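The values are calculated or read from the model by the stated rules, or taken from the named source; none is laboratory data. As the structure is a prediction and not an experimental result, all values here were calculated from the model. Positions of Cβ are backbone-derived with ideal geometry, glycine not excepted, and every protein chain shown enters the neighbour counts. Side chains included, ligands, DNA and RNA excluded: accessible areas come from the protein's heavy atoms. Shrake-Rupley method; radii C 1.70, N 1.55, O 1.52, S 1.80 Å.
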Amino acid sequence: MVPTVCWHEGAIRLLDQSRLPEHVEILECRDVESVARAIRELKVRGAPAIGVTAAMGVALGAQLSEAENYFQLENDLSGVCELLAATRPTAVNLFWAIERMKRTLHELRSQPLSAIKTGLVRESQSILEEDIALCKAMGRHGARLIEDGQTILTHCNAGALATAGYGTALGVVRAAWEEGKRIQVIADETRPVLQGARLTAWELMQDGIPVTLITDGMAGIMMRQGKVQLCIVGADRIAANGDVANKIGTYSVAVLARAHGIPFYVAAPYSTIDLKTPSGNDIAIEQRNPQEVTTMLGDRIIAPKGVSVYNPAFDVTPAEFIAGIITERGVFRPHEVLRHFS
Ligand SMILES: CSC[C@H]1O[C@H](OP(=O)(O)O)[C@H](O)[C@@H]1O
């Protein structure tokens, strides 16, 4: 599979997810403004993938800096970090990655500028490689929850496209599949940006994993008809009390799962756990352009005037609706997160 994001000869290469599944196109970013725009416009999306991309954005900013000393470079990168941090507010991985790059810059402060620049590229690559390893560890732990022959419902895309590779929720699916379990996936299309229809279905088909696409409104009847044995989704930010922010519609899936006695799991690495945010009530929810709702593939689908539109990109699922959080360290009850990740 084409990498979600990679560093290539002094530039950042992104698989342009806004063009999938019809077009597999690589977007090459040679300046930080184009990196920020790619994140804002969901050409790269998914909490861990955003974090890796932002880390590479900081490294790119350093490469392009004409600073003549550390303090000038630090000042240049302060502006770069602000630009990247302003792209999307909800996925904590973005801010986690930026802070990690700032720490690396500080740790290298006594080195020559060339060594600092090289060190920042290396750290961004380490974040990418670590993310893949985290996803595979999550996969191993989560696969134990899945029995042969089961069907898993997922929402949005928490796959290789949302990470540096392998995926969080879809990483668990992949691991179960690789263990020989004959599983199937039901993918919610995930209005309005259709990450499920455009990305999850495409990703799973690449791996030959059986996938059935449904509209978001069909999740309930699939559960009522006994066609779903468990739900696994990703996360953009997990608060200290175990509340989870994830793609809009996730809360509805969690409530439906509870109503039908179906276990609802969240898969996420430590970089998505935000112990500084006490609860889901404290998570900033990104409000996106209403045109995502009022148009479909560029064509307007509602009356031209007078209709109000609400387009939050995420919602919060309270910890009480979550059977377990699948992490690289194991599967924990949501309220245990604080103890295991302090
Ligand atoms: C592996 S976390 C992916 C997470 O991010 C998605 O949101 P977006 O596509 O807007 O970046 C969605 O919430 C996924 O669960």
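Which residues, taken from the range 15-31, are among the hydrophobic types (A, V, I, L, M, F, W, C), out of contact with any Asp or Glu (no Cβ under 8 Å at 6 or more places or on another chain) and either open to solvent by less than 10 Å² (accessible area, probe 1.4 Å) or on the phi > 0 side of the Ramachandran plot (or both)?
L20, C29
Being crowded, with 17+ Cβ neighbours inside 10 Å, away from the ligand (no atom under 16 Å from the Cβ) and of a type in the set (G, A, S) is the filter here; which residues of the range 221-257 pass it?
Result: A240, G242.
Conditions first: (1) assigned to a helix (DSSP H, G or I); (2) more than 16 Å from the chain's Cα centre (by Cα). S271 passes all but one, so which condition is the exception?
(2)
Quick one: how many residues across the range 143-183 are in a loop (DSSP other than H, G, I, E, B) and either within 30 Å of R19 (Cα to Cα) or within 16 Å of the ligand (Cβ to nearest atom) (or both)?
12
Restricting attention to the range 303-318, report how many residues are in contact (Cβ under 8 Å) with a residue 40 or more places away in the chain and either among the β-branched types (V, I, T) or in contact with a His (Cβ under 6 Å, 6 or more places away or on another chain) (or both). Write out each step before concluding.
If we filter the range 303-318 for residues that are in contact (Cβ under 8 Å) with a residue 40 or more places away in the chain, which is where we start, we get 311-318.
With the extra rule that they be either among the β-branched types (V, I, T) or in contact with a His (Cβ under 6 Å, 6 or more places away or on another chain) (or both), the set shrinks to 316-317.
Final tally of qualifying residues: 2.
Looking at the range 258-274, which of the residues that are under 16 Å from R333 (Cβ atoms) and among the aliphatic types (A, V, I, L, M) is farthest from the ligand (Cβ to nearest atom)?
Filtering the range 258-274 for residues that are under 16 Å from R333 (Cβ atoms) and among the aliphatic types (A, V, I, L, M), the one farthest from the ligand (Cβ to nearest atom) comes out as I273.
If you go through the range 195-204 one residue at a time, do you hit one that is open to solvent by 20 Å² or more (accessible area, probe 1.4 Å) and over 22 Å from C135 (Cβ atoms)?
Yes; the residues of the range 195-204 include at least one that is open to solvent by 20 Å² or more (accessible area, probe 1.4 Å) and over 22 Å from C135 (Cβ atoms).
Please find, within the range 296-311, the residue that is nearest to G249 (Cα to Cα) out of those that are surrounded by 12 or more Cβ atoms within 10 Å (Cβ to Cβ) and modelled with pLDDT of 95 or more.
If we filter the range 296-311 for residues that are surrounded by 12 or more Cβ atoms within 10 Å (Cβ to Cβ), which is where we start, we get 296, 302, 309, 311.
Of the ones still in play, those that are also modelled with pLDDT of 95 or more are 309, 311.
Details: V309: 16, N311: 11 Å.
Per the criteria, the residue is N311.
Do you know which residues across the range 270-293 are touching a Ser or Thr at 6+ places or on another chain (Cβ under 7 Å) and either at pLDDT below 95 or open to solvent by 20 Å² or more (accessible area, probe 1.4 Å) (or both)?
Going residue by residue through the range 270-293, those that are touching a Ser or Thr at 6+ places or on another chain (Cβ under 7 Å) are 270, 275, 283-286.
Of everything in the range 270-293, those that are touching a Ser or Thr at 6+ places or on another chain (Cβ under 7 Å) and either at pLDDT below 95 or open to solvent by 20 Å² or more (accessible area, probe 1.4 Å) (or both) turn out to be Y270, L275, A284, I285.
Please give the number of the condition E107 fails out of (1) under 17 Å from the mean Cα position of the chain (by Cα); (2) among the acidic types (D, E); (3) farther than 21 Å from P269 by Cα.
That leaves (1) as the condition not met.
Condition test on T104, is it of a type outside the set (A, V, I, L, M) and in contact with a strand residue (DSSP E or B) (Cβ under 8 Å, 6 or more places away or on another chain)?
Against the criterion (of a type outside the set (A, V, I, L, M) and in contact with a strand residue (DSSP E or B) (Cβ under 8 Å, 6 or more places away or on another chain)), T104 does not qualify.
Restricting to helices (runs of 4 or more DSSP H) lying wholly in the range 46-134: which have 3 or more residues that are away from the ligand (no atom under 16 Å from the Cβ) and closer than 20 Å to L15 by Cα?
Ranges flagged: 47-64.
Kindly list, by first and then second residue, each pair from a residue in the range 187-212 that is in the same structural domain as W177 (by TED's automatic domain parsing) to a residue that is surrounded by fewer than 23 Cβ atoms within 10 Å (Cβ to Cβ) and modelled with pLDDT under 95, limited to pairs with Cβ atoms under 6 Å and residues at least 6 apart or on different chains.
Within 6 Å, the pairs are Q206/M1.
Find all pairs meeting these conditions: Cβ atoms under 6 angstrom apart; at least six residues apart or on different chains; first residue within the range 144-172 and over 17 Å from A313 (Cβ atoms); second residue aromatic (F, W, Y) and within 11 Å of the ligand (Cβ to nearest atom).
A160/Y166
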